[in-house]
2 protein chains.
Amino acid sequence: MFVAMNDDELDRIFRALADPTRRKIIDRLREQPDQSLFQICAMSVAEGGKALSRQAITQHLDMLQNAGLLHVSWSGRTKIHSLDLKPLREAADIWFRKHLLEGENP
Amino acid sequence: MFVAMNDDELDRIFRALADPTRRKIIDRLREQPDQSLFQICAMSVAEGGKALSRQAITQHLDMLQNAGLLHVSWSGRTKIHSLDLKPLREAADIWFRKHLLEGENP
DNA sequence: TTGACATGCAATAATTTTATTGCATGTTCG
DNA sequence: CGAACATGCAATAAAATTATTGCATGTCAA
């Protein structure tokens, strides 16, 4: 099985995963998909401890989307966010597994 | 199988992987372990395109070591670097696989 | 011992990332 | 229609990351 992904894409994904707030968003979005920006902000406040502004969350979501990790749609005035795990799997294929699976002691 | 890793450790690992220079260092160190700082600098110059200062490389190595990804030893005046992939595997266990393996369509 | 070598340490500069603020736009509901 | 709502856009501030420079320390080898 073969995946195609250039360095820039891979880089965007790794960068997207570098921030704990974004990883938390990914976690929550996986637990419950199709959340609005407001819902995501609410989660963030409820769990994260520190309350980020809506714009901060928006910027994090932008980075996730830029890395191709998000599927976004609109329902009226509401923006709906869900995960797209495919790029994550591709990144794992071409990088992570290379280091984690080769030469593993059984 | 159970792994123990706190949020800080996980965060250091993800941050360490966020930079392309560091990922390249990991790649090269995997191809050829037990390299000195100078060797790593030389590689970086030879391959990376942009020539970083020795100190820049040192700082990158520090971050990798801080994330527990490096095994360092001394031979006289020479510092020897090798990878320690165990933390990477642990990080994959508690985070990556959760998202990548669950709910995979077969 | 001395000079070249391999590296460390510390300060600072340059760049990027993260967060905030204020205002603007389109949508729903009464 | 008009008010509350959900979000966007843009500028800027704050903080963190990345890279550089200069000097210091310990080691090897002639």
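Summary of values
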quantity	calculated
P(r) tail fraction, the stretch B:7-90 - alpha-carbon pairs more than 20 Å apart, %	27 percent
Entries in B:Lys50/B:Lys86; A:Lys50/A:Lys86; A:Lys24/B:Lys98; A:Lys24/A:Lys50; A:Lys98/B:Lys24 that, when Cα-Cα distance is taken, lie over 19 Å	B:Lys50/B:Lys86; A:Lys50/A:Lys86
Loop-located trypsin sites (Lys or Arg not before Pro) in the stretch A:25-106, at most 10 other Cβ atoms within 10 Å (DSSP)	A:Lys50, A:Arg77
Probe 1.4 Å, protein heavy atoms only - accessible area per residue of the stretch B:7-90 in square angstrom	54 Å²
Restricting the stretch B:1-92 to chymotrypsin sites (Phe, Trp or Tyr not before Pro) in coil, as DSSP defines it, with at most 14 other Cβ within 10 Å	B:Phe2
Theoretical FRET efficiency, 1/(1+(r/R0)^6), r = Cβ-Cβ of B:Asp11 and B:Ala46, R0 25 Å, to 0.05	0.20
FRET efficiency estimate (nearest 0.05) - Cβ-Cβ, A:Arg89 to B:Lys24, R0 25 angstrom	0.65
Loop-located GluC sites (Glu not before Pro) in the stretch B:1-98, at most 10 other Cβ atoms within 10 Å (DSSP)	none
Quarter of Cα convex hull surface for the protein assembly as shown, i.e. mean projection, nm²	14.4 nm²
Residue among A:Ser36, A:Ser75, A:Ser53 with the largest mean-square fluctuation in a Gaussian network model of chain A, springs linking Cα atoms under 10 Å	A:Ser75
Amide hydrogen neighbours beyond the local backbone of A:Ser36, cut-off 5 Å, H modeled	A:His81
Accessible area of the stretch A:7-94 belonging to carbon and sulfur atoms, whole % at 1.4 Å probe	47 percent
Chains A and B, summed buried accessible surface - 1.4 Å probe, Å², nearest 100	2500 Å²
Per-residue [θ]222 nm for the protein assembly as shown (sum of -39500 (n - 2.57) over DSSP H runs n ≥ 4, rounded to 500)	-16000 deg cm²/dmol
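The values are calculated or read from the model by the stated rules, or taken from the named source; none is laboratory data. None of the values given here were measured: they were computed from a predicted structure. With ideal geometry, Cβ positions are generated from the backbone for all residues, glycine too; neighbour counts draw on all protein chains shown. Side chains are part of the model used for accessible areas, which takes the heavy atoms of the whole protein and leaves out ligands, DNA and RNA. Shrake-Rupley method; radii C 1.70, N 1.55, O 1.52, S 1.80 Å.
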